[in-house]
There are 2 protein chains.
Amino acid sequence: MTNQELMQRDLAHIWHPCTQMKDHETIPIIPIKRAKGVYLYDYDGNRYIDAISSWWVNLFGHSNPYINRKIREQLEQVEHLIFAGFTHEQIVVLTERLCSLTSMDKAFYADNGSSAVEVALKMAFHYHKNRGEVRPYFLSLTNSYHGETLGALAVGDVELYKETYREIMIETLQVPVPKDRSEEGALEAVQELERVLEERGEEISAMIVEPLVQCAGYMHMYHPRYLSEAKRLCEEYGVLFIVDEIAVGFGRTGTMFAYEQAGIKPDFICLSKGLTGGYLPLSVVLTTDEVYRAFYCDYLEFKAFLHSHSYTGNATACAAANATLDIFERENVLEENRKKSRYIWERLEPFRELPNVTDIRQRGMIAAIELGGYDISKRIGLQINQKALKMGVFIRPLGNVVYLMPPYIINFEEIDQVIGALFDSISTLKA
Amino acid sequence: MTNQELMQRDLAHIWHPCTQMKDHETIPIIPIKRAKGVYLYDYDGNRYIDAISSWWVNLFGHSNPYINRKIREQLEQVEHLIFAGFTHEQIVVLTERLCSLTSMDKAFYADNGSSAVEVALKMAFHYHKNRGEVRPYFLSLTNSYHGETLGALAVGDVELYKETYREIMIETLQVPVPKDRSEEGALEAVQELERVLEERGEEISAMIVEPLVQCAGYMHMYHPRYLSEAKRLCEEYGVLFIVDEIAVGFGRTGTMFAYEQAGIKPDFICLSKGLTGGYLPLSVVLTTDEVYRAFYCDYLEFKAFLHSHSYTGNATACAAANATLDIFERENVLEENRKKSRYIWERLEPFRELPNVTDIRQRGMIAAIELGGYDISKRIGLQINQKALKMGVFIRPLGNVVYLMPPYIINFEEIDQVIGALFDSISTLKA
């Protein structure tokens, strides 16, 4: 089998996500035969460093021997079973660990990130309704992204994904995200939030935010002060506070969860992506006893939360998640990441001299380089992606923002290779 | 470890799907230590026949040795990788097989059933928009169920799941599902559909139906003639036709897909649940070249379908799906199921004599017994569930409808045990 053969078979029938398929008339789809650690290996003998962790999910490398073993063991016990009326050990253990890591009380499971966001939104709305209040609006930040199902999309604000579907989405409210990473920027944005809450607070069920980094929103970063002030104001107006940690959770921003950096206790935490180490779809919404109690009553009062997905609580995915948390416990992951983050930051220094670089920002294991002076029609992201692939590095810029979000097991030499490829791609870019 | 210990740990932190958690003050949650074939084994030495295939997903038994082996092999190659710009052999093969089984042209992947429905809805709306038409409504059947995310929920019509969220959903249109299983019932419902299409056809992007059986809608069944007439009318009004085969696909109704029994070619087919044999969350929307071509253009025309989930195209789940299709190919599954269906039908005959049985219906490997004369407050479904568990059979009635939807590997003796437990539970039921 060759790349060419499998690519042709792929293109005959597959419609890839987030892709203009016509692009593949000129840009090859790369079939991957094997993946190991940070590397993806194709059928023509090339290998690529997966420098964005396969869409931000992979933490400890592809085909990780420990996670593989734990999944194999689980398959011999229970691969999956219905999660109403039954339970299993993997999910009990996983839930205890997640509650202990976050000081949250209760866990409601789903299978993908969008569904976790929908669970949190529905639960927040339903919480108020069970207490006799109808609050039909959700509040989110400008430039935010929370997923693709119509409810999750409605609280997002990245025009590229959302605008087309305007007529088939509910109306939601947005307040400005802090314009920059400064504390002043945060406090300025808080003023507008306060104004909106004053005016419409009683109509709002919940506010949802991506803490510290809006990943799909071009890796926009903001100061933790915004989160602590926003949480305080939301409490004042009875608005529940949802932190969408789907992209930033599990150590990505330097702490286990990004919201920790603001010292807040949210009402809901949505987790997915890194939850299974990048192996399998699984998501969870963590919440408080206060929320749980609003649904807890005699059946015939009909206040239960009747949401379900068939694969909720999938035992195989929970085994991958427990294996991932084992690695966090055994190895000093966050401390090692701090060294790697510092190293990446230092290695990005020379980029500041490049005339087309307008901003460099970093939070933990996310580093972003913003380029200026290019018209959208130049599609420089794609140019950089193609150049870097030739140097054995896979990155996938968002518009004019080139970013790194590598698996945590990347070593210093591999970081050098990634940054070398980026420097070369960016410095030779044609206007 | 005992049932009691694990149950207590579960209840301390887990919020189960589709459950009033207060019920578990009196009804135990059963922790499952091991699952094999049709059996679930708990920590106290009891075993239960999984007579509803763990929420309609399991086809060839739990911890199936062949599917286990195929997953183990896949983990050593590629567990998961980003599905934009890359591909892998499992998904290429799976897509070829699905397109060949359905005569559809293109496949777009997601991870759960709700997300597949949302993909189909968004794609249908976007198809018209790319061709210059805004059609903001979706049409579905009364008593339908299409999932839990807010878009999927909006096209559903089971009050129990939907009513609470009325204020945070878009408006959709419903037409009556055929009132019974007769051809006359179907043709009567077609008249109302025709009236609505005449009046509002140009505002409607797509019609979505569960072909032949509305599973969550209390196993309501209708004649295939409705589907062929509905498809014909939708074509006339330019309304795309989505068949939601999530619950009924993969042989459940006697043919590989339920829509085949109406001899139609849909514009979209949504698949999940049985797709991986009950192992892992994976879903797919199959569609036509005509739909695909409406999105296929130069990138800068901005007509691409930019939907994505991080775990789209998950290689491990695709390996489970291919293993499932291998079993369909090697073993004469549909023919064997026909024998089992007939046997179930015969064994249900004595139920007709019971005074509380008002209807018995069956389509392939779905059999439903409707009970009458009970007030909702009696919660007879729960009573039957508890009685059957004591006899080693797990079923989970929907309101007053008791149904069987067993894994295909169930044998005649096990069918006897299930039906015996049902008869006993139903015939001794207190009013």
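Numerical summary
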quantity	calculated
Condition check for B:Tyr48: in contact (Cβ under 8 Å) with a residue 24 or more places away in the chain, aromatic (Phe, Trp, Tyr) and part of a strand (DSSP E or B)	yes
Subset tally (residues that are under 22 Å from A:Asn112 (Cβ atoms), at pLDDT below 95 and not in a loop (DSSP other than H, G, I, E, B)) for region A:132-163	3
Matching helices (runs of 4 or more DSSP H) fully within region A:318-431 where at least 2 residues are over 26 Å from A:Cys18 (Cβ atoms)	A:333-347, A:412-427
Region A:325-346: number of residues that are among the charged types (D, E, K, R), touching a Phe, Trp or Tyr at 6+ places or on another chain (Cβ under 9 Å) and open to solvent by less than 90 Å² (accessible area, probe 1.4 Å)	4
Given (1) more than 28 Å from A:Ala317 (Cα to Cα); (2) under 21 Å from the mean Cα position of the chain (by Cα); (3) of a type in the set (Val, Ile, Thr), index of the condition B:Val357 fails	(2)
Checklist (1) among the β-branched types (Val, Ile, Thr); (2) part of a loop (DSSP other than H, G, I, E, B); (3) more than 7 Å from chain B (Cβ to nearest Cβ); (4) buried (at least 24 other Cβ atoms within 10 Å of the Cβ) applied to A:Ile67, failing item	(2)
Which numbered condition A:Arg352 fails, given (1) closer than 23 Å to A:Ile27 by Cα; (2) modelled with pLDDT of 95 or more; (3) among the basic types (Lys, Arg)	(1)
Of residues in region A:8-33 being more than 7 Å from chain B (Cβ to nearest Cβ) and in a helix (DSSP H, G or I), the one surrounded by the most Cβ atoms within 10 Å (Cβ to Cβ)	A:Leu11
Filter pass, B:Ser53 being touching a residue at least 24 places away in the same chain (Cβ under 8 Å), open to solvent by less than 20 Å² (accessible area, probe 1.4 Å) and either in contact with a Gly (Cβ under 7 Å, 6 or more places away or on another chain) or not assigned by TED's automatic domain parsing to the domain that holds B:Glu202 (or both)	yes
Candidate set: region A:147-157, residues that are more than 7 Å from every other protein chain (Cβ to nearest Cβ) and farther than 19 Å from A:Leu193 by Cα; chosen: the one surrounded by the most Cβ atoms within 10 Å (Cβ to Cβ)	A:Gly147
Set B:Glu188, B:Glu235, B:Glu192: member being assigned to a helix (DSSP H, G or I) and out of contact with any Pro (no Cβ under 9 Å at 6 or more places or on another chain)	B:Glu235
Residue satisfying condition, being touching a residue at least 12 places away in the same chain (Cβ under 8 Å) and at negative phi, within set B:Glu192, B:Glu199	B:Glu192
Qualifying residue in region B:290-313 (condition: in contact with a strand residue (DSSP E or B) (Cβ under 8 Å, 6 or more places away or on another chain), charged (D, E, K, R) and farther than 22 Å from B:Ile82 by Cα)	no
Flag for B:Lys387 being of a type outside the set (Phe, Trp, Tyr) and either buried (at least 17 other Cβ atoms within 10 Å of the Cβ) or more than 23 Å from B:Asn143 (Cα to Cα) (or both)	yes
Those residues of region B:105-125 which are over 21 Å from B:Glu171 (Cα atoms) and either of a type in the set (S, T, N, Q) or surrounded by fewer than 22 Cβ atoms within 10 Å (Cβ to Cβ) (or both), in sequence order	B:Asp105, B:Lys106, B:Asn112
Flag if B:Leu59 is part of a loop (DSSP other than H, G, I, E, B), more than 21 Å from A:Gln90 (Cα to Cα), more than 7 Å from every other protein chain (Cβ to nearest Cβ) and in contact (Cβ under 8 Å) with a residue 12 or more places away in the chain	yes
Residue in region A:174-182 that is part of a helix (DSSP H, G or I) and at pLDDT 95 or above present	no
Unmet criterion (only one of (1) facing another protein chain (nearest Cβ under 9 Å); (2) part of a helix (DSSP H, G or I)) for B:Tyr127	(1)
Selection count where residues are facing another protein chain (nearest Cβ under 8 Å), of a type in the set (A, V, I, L, M) and either under 22 Å from the mean Cα position of the chain (by Cα) or more than 20 Å from B:Pro31 (Cα to Cα) (or both), scope region A:83-118	3
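Conditions (1) within 29 Å of A:Asp111 (Cα to Cα); (2) in contact with a helix residue (DSSP H, G or I) (Cβ under 8 Å, 6 or more places away or on another chain); (3) open to solvent by 50 Å² or more (accessible area, probe 1.4 Å), marked per residue:
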position: B:His307; (1), (2), (3): yes, yes, no
position: B:Thr316; (1), (2), (3): yes, yes, no
position: B:Ala323; (1), (2), (3): yes, yes, no
position: B:Arg352; (1), (2), (3): no, no, yes
position: B:Arg361; (1), (2), (3): no, no, no
position: B:Glu414; (1), (2), (3): no, no, no
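For every residue, the table says whether it meets (1) more than 9 Å from chain B (Cβ to nearest Cβ); (2) among the aliphatic types (A, V, I, L, M).
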| position | (1), (2) |
| --- | --- |
| A:Met256 | yes, yes |
| A:Asp267 | yes, no |
| A:Leu282 | no, yes |
| A:Asp289 | yes, no |
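The values are calculated or read from the model by the stated rules, or taken from the named source; none is laboratory data. Since this is a predicted model, take the numbers as computed values, not measurements. Every residue, glycine among them, receives a Cβ derived from its backbone with ideal geometry; neighbour counts consider all protein chains shown. For the accessible areas, the whole protein counts, side chains as well, though only heavy atoms, and no ligand, DNA or RNA atoms are used. Shrake-Rupley method; radii C 1.70, N 1.55, O 1.52, S 1.80 Å.
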